[in-house]
Amino acid sequence: MKTAYSVKGYLLDQETIRLEEPLNRETGDVRVIIEFDDNTWKKYSRRKMHGILKGEIILSDDFNEPLDCFREYML
């Protein structure tokens, strides 16, 4: 059975990778696939990001109403 791990890390030099968390396996052959993180979120300026999640977050109509569990503490 094959098991895949997705672990972030960074390159120390051209031959060494430092992982951010340990793997559960101690020995054995592995296949390493390297995917460079280009931090695409940094390419957007604040102006472009303003309103980027519009329509993704929906609040209920009674969001600002007092909660029943706190009624005894309210005046």
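The values are calculated or read from the model by the stated rules, or taken from the named source; none is laboratory data. All of these numbers come straight from a predicted model, not from anything done at the bench. We place every Cβ from the backbone using ideal geometry, glycine too, and count neighbours over all the protein chains shown.
Of the residues in the range 16-75, how many are closer than 30 Å to residue 4 by Cα, modelled with pLDDT of 75 or more and among the polar types (S, T, N, Q)?
1
Take the range 1-17 and flag every residue that is more than 16 Å from the chain's Cα centre (by Cα) and exposed (fewer than 10 other Cβ atoms within 10 Å of the Cβ).
Correct list: 1, 2, 3, 4, 12, 13, 14, 15, 16.
Pairs please, first residue from the range 7-33 and assigned to a loop (DSSP other than H, G, I, E, B), second anywhere and among the acidic types (Asp, Glu), Cβ atoms under 7 Å, 6+ apart in sequence or on different chains.
From the range 7-33, the pairs are 7/20; 7/21; 8/20.
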